[in-house]
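Inspection log for the structure reproduced underneath, given as structure tokens.
The values are calculated or read from the model by the stated rules, or taken from the named source; none is laboratory data. Bear in mind that the values here come from a model prediction, so they are computed numbers and not experimental data. All Cβ positions, even for glycine, are placed from backbone atoms using ideal geometry, and neighbour counts span all protein chains on display. Ligands, DNA and RNA are stripped out before the accessible areas are found, and what is left, the full protein with its side chains, is counted by its heavy atoms. Shrake-Rupley method; radii C 1.70, N 1.55, O 1.52, S 1.80 Å.
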Amino acid sequence: MDKEDRISYLPRNVIDRIFELLPVEDAARTSILSTKWRYIWAALPNLVLDNPFCNKLALRSRHIFEQTIDKILLQHIGDIVTFDLDMSGLQLSLCPAIDRWILYATRNSVKKLKLNMPKDSPFKVPSYIFNCPTLTKLKLFNCVVKLPKSFLGFQKLTKLSLRKVTFESTTEICVINVPLLVKLSLIKCNGTQYLNIVSVGLKSLHFYESRCNLDLNCFMNCKQLTCLYLEVDNYSMPAERITLEKLLISFATLEVLALCSFELEVKFQRRSLLRSTACIIYI
């Protein structure tokens, strides 16, 4: 008895969700099932080229790696909601086509962009990312950023996560206007002193520095912070102590202040020093 094909008649959003859980290669193989399935995978809004997928292709050859991703993008139909490229286990020299792939994503209305690059050879982010008007979420790992002079900010960005990102030095402070930003994470980034982040709606900030002298000046225009997480590595006595009073005055709307490996000067009737490997203060 012929079995009924129930999967083909599922709602499209359910089919898309099933495809999202499949590796890219398996999703592409469904095109041989029938005429109806031939182009479904090519219209997937989320393109996740994760670490196992990239490593598997790169082990075969550089040519196969580059050619396969080119084919995936060339056959893609419609807008791209998510573009996730994880090359953390590879060498950038293996693939000079990364800029072309990112350009394709930005030209196809990408909303969520994630780039995870090799630790030993940070990737210089192309300037056209900063001119992408559709971005709502951006994650960069092991990258080098030089903000273009014409950059005015991300008008639709709600979440920004940067890990081991280096901002190139500039002669002037770069103002980044992100009016809809709600969550910001800066983990072991360099060059943040060249930034001035302006976000009237920022609620959560996670700032992880590799040195003890935390520079919070670039966040002074974020007046609605409710959660602030501060961490430092390799603690040593800073030249100027940060007082709890200074933090609370700078960020008057705080509800949660989390400190890790941190020394804080607290002024009560007598001056005292709070030193903690982990401390959470609910205000």
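Selection of first residues in segment 18-33 that are over 15 Å from His76 (Cα atoms) and acidic (Asp, Glu) and of second residues that are modelled with pLDDT of 75 or more and surrounded by fewer than 17 Cβ atoms within 10 Å (Cβ to Cβ), restricted to Cβ pairs under 8 Å at least 6 apart or on distinct chains, gives an empty result.
Summed over segment 85-108, residues that are open to solvent by less than 10 Å² (accessible area, probe 1.4 Å) and of a type in the set (A, V, I, L, M) total 6.
In this structure, Tyr128 does not qualify as outside any helix (DSSP H, G or I), of a type in the set (Phe, Trp, Tyr), without any contact (Cβ under 8 Å) to a residue 60 or more places away in the chain and open to solvent by 40 Å² or more (accessible area, probe 1.4 Å). The residue that is farthest from Val145 (Cα to Cα), among those in segment 164-200 that are assigned to a strand (DSSP E or B), open to solvent by 60 Å² or more (accessible area, probe 1.4 Å) and modelled with pLDDT under 90, is Val175. Condition test on Glu231, is it open to solvent by 40 Å² or more (accessible area, probe 1.4 Å), within 18 Å of Leu257 (Cα to Cα) and of a type in the set (Asp, Glu)? Criteria met by Glu231.
One line per residue, one yes/no per condition, for (1) at pLDDT 75 or above; (2) open to solvent by less than 30 Å² (accessible area, probe 1.4 Å); (3) under 27 Å from Lys56 (Cα atoms):
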{"position": "Lys3", "(1), (2), (3)": "no, no, no"}
{"position": "Leu10", "(1), (2), (3)": "yes, no, no"}
{"position": "Phe19", "(1), (2), (3)": "yes, yes, yes"}
{"position": "Thr35", "(1), (2), (3)": "no, no, no"}
{"position": "Ala42", "(1), (2), (3)": "yes, yes, yes"}
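Arg62 meets each of the listed conditions (1) open to solvent by 40 Å² or more (accessible area, probe 1.4 Å); (2) charged (D, E, K, R); (3) out of contact with any Cys (no Cβ under 8 Å at 6 or more places or on another chain) apart from (3). Restricting segment 109-123 to residues that are surrounded by 15 or more Cβ atoms within 10 Å (Cβ to Cβ) and of a type outside the set (A, V, I, L, M, F, W, C), the residue that is nearest to the chain's Cα centre (by Cα) is Lys114. The criterion of at least 2 residues that are under 26 Å from Ile18 (Cα atoms), in contact (Cβ under 8 Å) with a residue 24 or more places away in the chain and among the hydroxyl-bearing types (Ser, Thr, Tyr) is met, among helices (runs of 4 or more DSSP H) falling completely within segment 36-108, by 98-107. Of all residues in segment 135-157, exactly one satisfies the criterion of being among the polar types (S, T, N, Q) and crowded, with 18+ Cβ neighbours inside 10 Å, namely Asn142. In this structure, Val256 qualifies as open to solvent by 10 Å² or more (accessible area, probe 1.4 Å) and at pLDDT 70 or above.
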